[in-house]
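Note sheet for the following structure.
The values are calculated or read from the model by the stated rules, or taken from the named source; none is laboratory data. Remember, it's a predicted structure, so these values are computed and weren't measured experimentally. Every residue, glycine as well, gets a Cβ built from its backbone with ideal geometry; the counts of neighbours run over all protein chains shown. Areas reflect the complete protein model, heavy atoms only, side chains present, ligands, DNA and RNA absent. Shrake-Rupley method; radii C 1.70, N 1.55, O 1.52, S 1.80 Å.
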Amino acid sequence: MAKSPVEVNLIPIEATSETFADYGQIIEASRDGETFGPNDAQLDLSRGTPRLYIMPLQDTSFSFSKITHHAHVTQCLGSIGAHVWYVGVAKPSLIEDDDERREDTVESKSGHLYAPPAVEEVRVFRISGTKFVKYNRGTWHVGPLFKESSMDFYNLELTDTDVVDETTYDFKKNNGVIFRFQPIEETSS
């Protein structure tokens, strides 16, 4: 008889430039005419044709067991309408130098090397307001996750990211774990 997965309960962290720095950037509004700088999305879309599109999503839940990364591209997401949403993440674990190889090194179907993400390093972030999330190359991520029955998101990646540069890790299969979290309740003023 199959063993039930262990549930790991995560507490959402409010996404700010500081709290999200290990995973990418939080991009917030800047003054029109301001020159490019470190607060702007530091993009790497050099390996193909960029694609900016509206991604409609429906019926997400506040649990997950699979997490994905893109080894060759950064990705940006933002909600249309500045609604609250969540992402699960783990730090990038790409292995780009033979000296970094570890005992648990895996070769992806697209040929890059990585170390599996660790259960204890998975975090959930809450994104609110007019913010975009920019994932660093290799950041493990899941979501957007949200309360509403449906939401639309801006998504910036490459035209073929999901075909040639998507590696998924299954915590339930590999570690016997699923992650759950409770959304942060809104407070009224």
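For this structure, a couple of remarks:
- Gain on full stretching of the segment that runs from Ser4 to Ala21 - 0.36 nm per residue minus C-alpha separation: 2.7 nm
- Value of Rg/Rh across the stretch 100-158 [Cα atoms, Kirkwood radius]: 1.03
- Tensor-based shape of the stretch 81-189 (alpha-carbon gyration tensor, a/c under 1.5 rounded, otherwise prolate or oblate): prolate
- Values of log10 I(q)/I(0), in the order q = 0.13 Å⁻¹, for the stretch 1-98 under a Debye, Cα-only, solvent-free model: -0.67
- Cα convex hull of the stretch 40-80 - mean projected area over all directions, nm²: 4.5 nm²
- Inter-part distance where the stretch 79-150 and the stretch 1-32 are each reduced to a Cα centre, Å: 9 Å
- Accessible surface of the chain [probe 1.4 Å, protein heavy atoms]: carbon and sulfur percent: 48 percent
- Scaled to the globular estimate 2.2 N^0.38 Å, the Cα spread of the chain, given as radius of gyration, is 1.05.
- Applying both filters, DSSP loop and at most 12 other Cβ atoms within 10 Å, to the chymotrypsin sites (Phe, Trp or Tyr not before Pro) of the stretch 10-116 gives Phe36.
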